[in-house]
Amino acid sequence: MKKILFVASEGVPFIKTGGLADVVGSLPKCFDREKYDCRVILPKYMCMKQEWKDRMSYLTHFYMDLSWRSQYVGILETVYDGVHFYFIDNEYYFAGPKPYGNIYQDVEKFAFFSKAALSALPVIGFQPDIIHCHDWQTGLVPVYLKDKFHDGDFFRSMKSIITIHNLKFQGVWDMKTIQDITGLDKSYFAPDKLEAYGDANYLKGGIVYADWVTTVSKTYADEIKTPFYGERLDGLMKARANCLSGIVNGIDYEEYNPETDKFIEKNYNAKNFRKEKIKNKRALQKELGLEQDDRKFMIGIVSRLTDQKGFDLIAYMMDELCQLDVQFVVLGTGEERYENMFRHFAWKYQGKVAACIYYSEAMSHKIYASCDAFLMPSLFEPCGLSQLMSLRYGTVPVVRETGGLRDTVQPYNEYDSTGTGFSFANYNAHEMLNTIKYAMDVYYVHKREWNKLIDRGMAVDFSWKASAEEYEKLYDQLLGG
Ligand code: ADP
Ligand code: GLC
């Protein structure tokens, strides 16, 4: 039995701010349980729903040195869907209304979490063969592992992997402070280690010290070696190219299943969507006060409202888009300028645009199930899960060809009748507009072709199966077979 430990800052169903949580929460249960014992360790945030906190049971606690500080480390555990989850408790670090706050607090929070996760292992008696870290919040884990922990027998042969879900966020702060927080020797703060452009960089530390680096799609693995996508670490990514691979994300096929989904008005499947899917659209139009019209081309967006997702293109084109025969349903929170933009358009185009500026799992499922198309014109997209959810629900994705969007949405080709969605190459508002118009034309004028697009989209398999096997292969390879 190979033992794997996921260390991450979020995971469903316990806590989620984005796709990272979906991956961390849904991948571990997809490994071959005969061969891999994959457990997960997360912070116990005060803002977790009581329902989840109630499921955790106290295991033990100890005190840990973090530089000159001595900090309480509580450990709780629960088993969910057959997977063992551990939680690190410390009310000083993990208070607050959200998992992440100010970066200067977060760097200390996640230094604590990273060290505590390692320190907890001998105490709970779980000795992983591989520690699999996710994003900058856990970038210090490989560093600590090679540092102090390496001396003891318990840790010596442990390997580490870091998965980059988003290279944009690196956990950067000034070196002096980070040295004081982490207690790491000065020698670590050099350009071939944690230092980047004069500051300390957690993600860089993880990338340098991990035995292997992965990211969440093949295209993104290539893109981050270029200056445009490299977020100033493209040189490092090139240097690590021989230990870097892209493994595309999957989604939880039980959670996201139009046939059994509890959140949606009417369940349907790949056989009966032609008749049944429309009932979801009707219900959503009613719920959100949109014009009741079966025919209307309904475009959905479910997203963090940040510039990563291409909202500049949408802002630029929104007036023009609203002149077309369409409806827009937007669900998201994030940057105020985008929140206000959608509120504005919902007011200006009542009955045509619905702006749901909040977070709701239920509403997200309704949108995936109800819309005709799903828009995701991202500036960059390491993988993207929303387009996979849309495909699963027979909602045709319209995307920009970048990162995981390029790898998972096959563009429609009207001549040989192939493809699962629509895409455009350049980050250009008119290209996006023309692609939407093309999709609308197929929808309104070539309905049979449109339905075949849905047939093909619903037939592709983006469950975790294939990708979980790729991770297993990587684990085997790192452990020498
Ligand atoms: P990212 O991780 O960059 O935000 P992904 O496409 O990988 O993008 O994952 C986003 C996840 O968050 C999806 O599960 C999506 O449904 C969900 N999501 C985003 N915004 C909201 C929201 N306002 N309400 C509910 N779910 C949301
Ligand atoms: C990040 C990326 C997104 C990816 C998700 C899960 O949040 O922005 O593209 O799907 O992580 O890997």
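The values are calculated or read from the model by the stated rules, or taken from the named source; none is laboratory data. Since the structure is predicted, the reported quantities are computational estimates derived from the model, not experimental observations. Cβ: placed from backbone, ideal geometry, glycine included. Neighbour counts: every protein chain shown. Each accessible area value is taken on the protein alone, full model and side chains, heavy atoms only, with ligands, DNA and RNA left out. Shrake-Rupley method; radii C 1.70, N 1.55, O 1.52, S 1.80 Å.
General observations
To keep it simple, each residue is scored yes or no on (1) within 16 Å of ligand 2 (Cβ to nearest atom); (2) touching a Cys at 6+ places or on another chain (Cβ under 8 Å); (3) assigned by TED's automatic domain parsing to the domain that holds ARG304; (4) modelled with pLDDT of 95 or more.
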residue: TYR358; (1), (2), (3), (4): no, no, yes, yes
residue: HIS365; (1), (2), (3), (4): no, no, yes, yes
residue: GLU401; (1), (2), (3), (4): yes, no, yes, yes
residue: GLY404; (1), (2), (3), (4): yes, yes, yes, yes
residue: ALA439; (1), (2), (3), (4): no, no, yes, yes
residue: ARG448; (1), (2), (3), (4): no, no, yes, yes
residue: LYS452; (1), (2), (3), (4): no, no, yes, yes
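- Remark: pairs (first residue in segment 402-419, assigned to a loop (DSSP other than H, G, I, E, B) and among the acidic types (Asp, Glu); second residue at pLDDT 95 or above and more than 13 Å from ligand 1 (Cβ to nearest atom); Cβ separation under 9 Å; 6+ apart in sequence or on different chains) = GLU414/VAL442; GLU414/HIS446; GLU414/GLU449.
- In segment 172-198, the residues that are closer than 20 Å to GLY230 by Cβ and buried (at least 24 other Cβ atoms within 10 Å of the Cβ): LEU194
- Residue match in segment 413-428 (condition: open to solvent by less than 10 Å² (accessible area, probe 1.4 Å) and over 23 Å from the mean Cα position of the chain (by Cα)): yes
- Taken over segment 20-69, the criterion of being part of a helix (DSSP H, G or I), farther than 22 Å from SER160 by Cα and not polar (S, T, N, Q) is satisfied by GLU51, TRP52, LYS53.
- Of all residues making up segment 104-137, the number that are crowded, with 24+ Cβ neighbours inside 10 Å and of a type in the set (Phe, Trp, Tyr): 4
- Applying the set (1) open to solvent by less than 20 Å² (accessible area, probe 1.4 Å); (2) closer than 21 Å to ASP185 by Cβ to PRO99 leaves exactly one unmet item: (2).
- LEU379 being buried (at least 21 other Cβ atoms within 10 Å of the Cβ), outside any strand (DSSP E or B), within 16 Å of ligand 1 (Cβ to nearest atom) and modelled with pLDDT of 95 or more: no
- With respect to the conditions (1) open to solvent by less than 60 Å² (accessible area, probe 1.4 Å); (2) within 21 Å of LEU385 (Cβ to Cβ); (3) more than 16 Å from ligand 2 (Cβ to nearest atom), GLY334 lacks only one, and its number is (3).
- Of all residues in segment 138-164 being away from ligand 2 (no atom under 16 Å from the Cβ) and open to solvent by less than 10 Å² (accessible area, probe 1.4 Å), the one that is nearest to ASP211 (Cα to Cα): SER160
- Looking across segment 199-239, the residues that are open to solvent by 40 Å² or more (accessible area, probe 1.4 Å), part of a loop (DSSP other than H, G, I, E, B) and not hydrophobic (A, V, I, L, M, F, W, C) come down to ASP211, LYS225, THR226, PRO227, GLU231, ARG232.
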